[in-house]
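Colleague: Once you've had a glance at the structure underneath, I'll fire off some questions.
Coordinate-derived values only; no laboratory data. This structure is a prediction, so every number in the text was calculated from the model and none was measured. Note that we place each Cβ from the backbone using ideal geometry, even for glycine, and neighbour counts take in every protein chain shown.
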Amino acid sequence: MRRLLIAGNWKMNLDRGHSLALVQGLVESLRSISNVDIAVCPPAVYLGELGKALHGSNIGLGAQNAYSKPDGAYTGEISCAMVKDVGCRYVILGHSERRAIFGETDQMVNEKLHAVLAAGITPIVCVGETLQEREAGKTQQVVRSQSIGSLKGLSHDQMLKTVLAYEPVWAIGTGKTATPAQAEEVHEDIRTLLESQFSKETAQKVILLYGGSVKADNALELLSEPNIDGALVGGASLKQDSFEGIVRAASSVNK
C-alpha cells in the first residue's frame, strides 16, 4: 500500500511572520494525523527558521529547488547539502514554472535529481503539459518525454525514493482542475511507463502526486482515484484551513 503525501508549495509567497504563524497553526491542527505524510515547502530564506518550528512534528520541511553542484561560484543557488543542513526532507524539482520561466530542461532536472538523491533527500519531480499540448492531443507524449528525460539513469532503488508529481500547466493557479478521470488517466499512464522503464513491482510502489488547483472541496474525489497518491498543493497551501482540509481529506481516503 502506498502512503499518501500532501505537500504544500508556497512558491514566492508570505512574509516571515505569516510563514511562522501558518506553520505553528498547522503543527497544532494536524498533530493527530498519522496515516498521511505532510510537507510544506516555503521560500528558501525561511527554511532555517521554519525547520526549527517544525522540529519534532509530523510535518516535513521541503525546499522549492536545489542546485546540482555541491559548492562553488554559483551565485544565488543553494546546494543539496545546504537544504539538508536546515532540515529539509523534500525538494521540488522541475516545477512547470521553473521549466517555463527559468528555462530548466529535462537534463537540468535530471542532474538535480541525482544530486538530491545522493544527499539522502526525497525529490518531488514535476511533469505536465500546457493547454496547447493537451488540445493538440500531446499530453501522453509530453508527460512521457519529460518523465523519461528527468528520470534518466536512475536505479530501481533510486526510483523507489523518488516522488513524481503530474501538474498540468493549464490547471496551475488558474482555478481549473483536471477532472479526476483526466488526472487518473495520466497517472495510470505514468505508472505504465515506470513499469516499462523499471519493473511492475517498482512502478506499483512509486508515489504519484497530482497538482493543479487542488482544494479542500475537490481533494477527496481526486485522491480516491487508484493511481493518485497525494497532492502537490499551491495556493490552497497558503491558508491553514484550506491546507488542513486537504490533509484531512487524504486521511479519510481508504484505498
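Colleague: Decide, for the chain, between rounded, prolate and oblate: order the square roots of the alpha carbon gyration tensor eigenvalues as a ≥ b ≥ c, take rounded if a/c falls under 1.5, and otherwise choose prolate if a/b is larger than b/c, else oblate.
Modeller: rounded
Colleague: Quick one: which residues, 5+ away or cross-chain, put their amide H under 5 Å from the amide H of Ser79? H built at 1.01 Å from N.
Modeller: The answer is Tyr67.
Colleague: Give me the net charge of Arg99's neighbourhood, meaning all other residues with Cβ under 13 Å from the Cβ of Arg99; Lys, Arg count +1, Asp, Glu -1.
Modeller: -4
Colleague: A further question on this structure: In the structure displayed, which of Lys161/Lys205; Lys176/Lys215; Lys11/Lys152; Lys69/Lys112; Lys205/Lys255 lie more than 19 Å apart, Cα to Cα?
Modeller: Numbers: Lys161/Lys205 10 Å; Lys176/Lys215 11 Å; Lys11/Lys152 26 Å; Lys69/Lys112 8 Å; Lys205/Lys255 14 Å.
From the list (Lys161/Lys205; Lys176/Lys215; Lys11/Lys152; Lys69/Lys112; Lys205/Lys255), the Cα-Cα distance tops 19 Å for Lys11/Lys152.
Colleague: Mind checking the full-extension length gain between Ser252 and Lys138? Use 0.36 nm per residue of separation minus the Cα-Cα distance, one decimal, nm.
Modeller: Details: separation 114, 0.36 × 114 = 41.04 nm, distance 3.42 nm.
Fully extending the segment from Ser252 to Lys138 adds 37.6 nm.
Colleague: Follow-up question, since we're still on this one. What does the extension gain come out to for Ala118 and Thr174, with contour length at 0.36 nm per residue minus their alpha carbon separation?
Modeller: Value of the extension gain: 16.6 nm.
Colleague: Another question, then. Answer with one residue from Ser196, Ala183, Ala81: the one whose Cα lies farthest towards the positive end of the charge dipole of the chain, charges on Cβ with Lys, Arg +1 and Asp, Glu -1.
Modeller: Ranked along the dipole, the leading option is Ala81.
Colleague: Follow-up. Report, by chain and number, residues whose modeled amide H sits under 5 Å from the one on Thr122, excluding near sequence neighbours (fewer than 5 apart, same chain).
Modeller: Residues meeting the amide H criterion: Tyr90, Val91.
Colleague: Now a separate question. Calculate for the chain the 222 nm mean residue ellipticity that helices alone would give, adding -39,500 (n - 2.57) per DSSP H run of length 4 or more and normalising by residue count, nearest 500 deg cm²/dmol. Walk me through the intermediate numbers first.
Modeller: On the way: 12 runs with 115 residues, N = 255.
About -13000 deg cm²/dmol.
Colleague: Between Ser34 and Lys152, what is 0.36 nm times their sequence separation minus the Cα-Cα distance? Round to one decimal in nm.
Modeller: Working it through step by step, the gained length comes to 39.1 nm.
Colleague: Calculate the dipole size of the stretch 44-146 relative to its Cα centre from +1 charges on Lys and Arg beta carbons and -1 charges on Asp and Glu beta carbons; express the result in debye to the nearest 20. Before the final figure, lay out each step's value.
Modeller: Numbers: 10 positive and 11 negative charges, 44 e Å.
For this selection, approximately 200 debye.
Colleague: Which residue fluctuates the most in the chain, going by a Gaussian network model with Cα springs under 10 Å, if the choices are Asp229, Asp15, Asp37?
Modeller: Comparing Asp229, Asp15, Asp37 in the GNM, the peak value goes to Asp15.
Colleague: In whole Hz, with x marking every Gly and Pro, tabulate ³J(HN,Hα) for the stretch 82-95 from phi via Karplus 6.51 cos²θ - 1.76 cosθ + 1.60, θ = phi - 60°.
Modeller: With the stated coefficients, the stretch 82-95 comes to 5, 5, 5, 4, 9, x, 6, 9, 9, 9, 7, 10, x, 4 Hz.
Colleague: What is the magnitude of the charge dipole of the stretch 5-252 about its Cα centre, with +1 placed on the Cβ of each Lys and Arg, -1 on the Cβ of each Asp and Glu, and no other charges, expressed in debye to the nearest 20?
Modeller: The dipole of the stretch 5-252 has a size of about 400 debye.
Colleague: Could you rank the peptides 205-214, 99-108 by their average count of other C-beta atoms within 10 Å per residue, with the highest value first? Don't skip to the answer; put the middle values down first.
Modeller: On the way: 205-214: 23.5, 99-108: 13.9.
Descending packing order for the listed peptides: 205-214, 99-108.
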